[in-house]
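Below you'll find the structure, written out as structure tokens, and then a few comments.
The values are calculated or read from the model by the stated rules, or taken from the named source; none is laboratory data. On a predicted model such as this, the values are computed, not experimentally measured, just so you know. Neighbour counts run over all protein chains shown; Cβ positions are idealised from the backbone, glycine included. Surface accessibility is based on the protein's heavy atoms, side chains included, excluding ligands, DNA and RNA. Shrake-Rupley method; radii C 1.70, N 1.55, O 1.52, S 1.80 Å.
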Amino acid sequence: QVQLVESGGGLVQAGGSLRLSCVAPGRTFSNYFKAWFRQAPGKERDFVAAMNWSGGAAYYADSGKGRFTLSRDTAKNTVYLQMNGLNPEDTAVYYCAADPYVSDPSAEKYYAFWGQGTQVTVSS
């Protein structure tokens, strides 16, 4: 079992930035795929971004390309999602997910471990 804890959400004005963090306390998950998904009110959960085991490959949904950037700090067991140029359509609960075996990084069904989510609200 891998526990994931997200942080960094909050309220920001349109055009602003936030950096979300996902940590696996007491657990090394450098050999896991790591991903972010988000769920807006009344909508399904959508893929945002993912990183492969080595961190050498990153995948982004079209909605975040050019604005969102994944990074990781293996010493801290933490993966980050830097979000710039936020707009109200980015308002959602953002979830961190991880799994050692992922066939499609954008498909949530492949991720067994999930965090509790962190709320991001972007005001216009």
Q) Quick one: TRP53 ticks every box in (1) touching a strand residue (DSSP E or B) at 6+ places or on another chain (Cβ under 7 Å); (2) in contact (Cβ under 8 Å) with a residue 60 or more places away in the chain bar one, so which box is it? A) (2)
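Conditions (1) within 23 Å of GLN3 (Cβ to Cβ); (2) among the polar types (S, T, N, Q); (3) free of Cβ contacts under 8 Å to residues at least 24 places away in the same chain, marked per residue:
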{"position": "VAL79", "(1), (2), (3)": "yes, no, no"}
{"position": "LEU86", "(1), (2), (3)": "no, no, no"}
{"position": "PRO100", "(1), (2), (3)": "yes, no, no"}
{"position": "GLY115", "(1), (2), (3)": "yes, no, no"}
{"position": "THR118", "(1), (2), (3)": "yes, yes, no"}
{"position": "THR121", "(1), (2), (3)": "no, yes, no"}
{"position": "SER124", "(1), (2), (3)": "no, yes, no"}
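Grab the strands (runs of 3 or more DSSP E) fully contained in segment 1-90, keeping just those with 2 or more residues being open to solvent by 30 Å² or more (accessible area, probe 1.4 Å) and at pLDDT below 95. Give the steps one after another, and end with the answer.
Values: elements: 5-7, 10-13, 18-23, 33-39, 45-51, 58-60, 68-73, 78-83.
Correct list: 68-73.
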(Q) Every residue in segment 91-106 that is closer than 23 Å to PRO25 by Cα, part of a loop (DSSP other than H, G, I, E, B) and open to solvent by 30 Å² or more (accessible area, probe 1.4 Å), please. (A) PRO100, TYR101
